[in-house]
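Bear in mind that the values in this text are calculations on the coordinates, not laboratory data. Predicted, not measured: the structure shown is a model, and the values here were computed from it. Virtual Cβ from ideal backbone geometry, glycine too; neighbours counted across all protein chains shown.
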Amino acid sequence: MILKKNRRATSNNQRGFTLIELLIALAIASLITTAVTMTIYQVFTGNARSAARMTAVRQVENTGFWFSQDAQRIQEEPIRDNDPATPDFLTLTWTDIDGIEHQVVYQMENMPSGTLKNLMRTHYIDGSGDAALVAQYINANETSCYLQGDVLVLTITAEVSSGTYTESETREYRVQPRPNASE
């Protein structure tokens, strides 16, 4: 009989978790894990989208910088080709104060990724050319250049993909060439 009392005494003193308590703890842990996972996903997705957006903005702004610099100097009507199938996009010419002839040719070149293109700028000084990459990820179908009166208008679009998201930036640059000093 003493043996039975000791068994009962030890079993009554041992308290554990009930099944309901375990299920509630498991549900709370699942909610916390889900919230942490979602937060981490949002941070990584937001960073990737932000980086893609900033890359697109940088590409368009760099193009605008070079275009504005060159377009202000021109002395002859620019040669424009708005057909994205042809590589020459825009040709600008001028003669500087020392009598040196300059010609800048903007060209679209295919990127390995497919539909987007690189924008190249080749600056010829007295016939000798120096090529440089101006921008990447340019959507040639959304890019155009035209004269509006005496103002040269460039509309350019860059598209950068980051995972399942594509960030796009479109800007319009309007440049009026400087008046010819010889006139």
Run the quick spin-label model on Arg178 and Asn141: label points 7 Å from Cα toward the beta carbon, then report their separation in nm to one decimal.
4.0
Counting pairs of alpha carbon atoms under 8 Å apart in space and at least six apart in sequence, what relative contact order in percent does the stretch 42-175 give?
24
Sorting Arg73, Arg178, Arg15 on the 10 Å Cβ count, fewest up front, what's the list?
Arg15, Arg178, Arg73
Label point distance in nm, Thr95-Ala25, each placed 7 Å from Cα along Cα→Cβ
9.0
For the stretch 42-175, the Debye formula with one identical point scatterer on each Cα and no solvent gives log10 I(q)/I(0) at q = 0.16 Å⁻¹ as -0.79
